[in-house]
1. Please build a GNM for the chain, connecting alpha carbons under 10 Å apart, and tell me which residue among Gly132, Gly194, Gly52 fluctuates the most.
2. Just to be sure I understand: with springs between alpha-carbon atoms less than 10 Å apart, which residue in Ser28, Ser147, Ser164 has the highest mean-square fluctuation in the Gaussian network model of the chain?
3. Students often check this: by mean Cβ neighbours within 10 Å, which of 29-38, 201-210, 91-100, 167-176 ranks highest, and how do the rest follow?
4. Count charges around Lys158 for me, please; just the other residues with Cβ under 13 Å from its Cβ, Lys/Arg as +1, Asp/Glu as -1.
5. How many angstrom lie between the Cα centre of segment 1-41 and the Cα centre of segment 74-118?
6. Show the residues, 5+ positions off or on another chain, whose built amide H is closer than 5 Å to the amide H of Leu5.
7. Select one label from (i) 65; (ii) 60; (iii) 52: the one whose number is percent of Cα pairs over 21 Å apart as derived from the coordinates shown.
8. Out of the total accessible area of the chain (probe 1.4 Å, heavy atoms of protein only), what percent is carbon and sulfur?
Amino acid sequence: MSSPLNVGVFIYANADIMDFSGPVEVYSTRPPPNTPKVFNVTTFAHTNPVGGEHSVLVYVPGASFSAVERELENYDILVIPGAHPDVLEEFLPTEYGQKLLALLRRFATLPPRKETGHRILQSVCSGAIILGAAGVLEGRTATTHHSCYGMLKEYADKAAGGDSGINVVKKRWVDGGKTEEGVRIVNAGGVSSGIDASLWVTELVGGKELYKFTEEIMEFERRGEGQAWGVVER
């Protein structure tokens, strides 16, 4: 990898705060001393400012949606957070929602940049429903928040115009494989699972040393793919 991976983290009104702030924390953690930076992180949104869930926190995104749209080929990782199902049902049919779906469909067809060798589309929590609505989860294994398994299947099938062949599983995170163009699809389960998935991606693209260093700095022990909510006794 000859250059840092550019990470675009999408934010929209009433998105779950940890869904996007967890991955931002992972990908923006400084690397070990005297080692090159692996990620450049940019948040982007349709509006500026943009409020998270209940507008408890209001954010100034680093870029506009249109700016990322124009430079989409230069982004190696896109992170799509989730929200309450009611928020998604209201958001997806809107002009902003439809523009996002078109962006995701386009991103899923872009081969990895030669400079990085990776292109990853990552959802967190019910953000997988947005990927499903875009049609990029057809025929794939995927996961989402445990309360949204049925909704994910419904939206993926609607996008496919019938049975999408999606296999919705109870996992902490899922590597759904690559598109024909080489774009890897990664889904995290509910909320905090986005941190686990982002640490896995960190290891995938940056190696075990970087992943373990990031984990130590964050004081967060990554859970495995099979450690979904409710699976491990507490």
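The values are calculated or read from the model by the stated rules, or taken from the named source; none is laboratory data. Nothing here was measured: the structure is a model prediction, and the numbers come from that model. Cβ sites come from the backbone with ideal geometry, for glycine too, and all protein chains shown count toward neighbours. Ligands, DNA and RNA are excluded from the accessible area calculation, which covers all protein heavy atoms including side chains. Shrake-Rupley method; radii C 1.70, N 1.55, O 1.52, S 1.80 Å.
1. Gly52
2. Ser147
3. Descending packing order for the listed peptides: 167-176, 201-210, 91-100, 29-38.
4. Combined, the nearby Lys, Arg, Asp and Glu give -4.
5. 16
6. Residues meeting the amide H criterion: Phe39, Asn40.
7. This structure yields the entry labelled (iii).
8. Result for the chain: 49 percent of the exposed heavy-atom area is carbon or sulfur.
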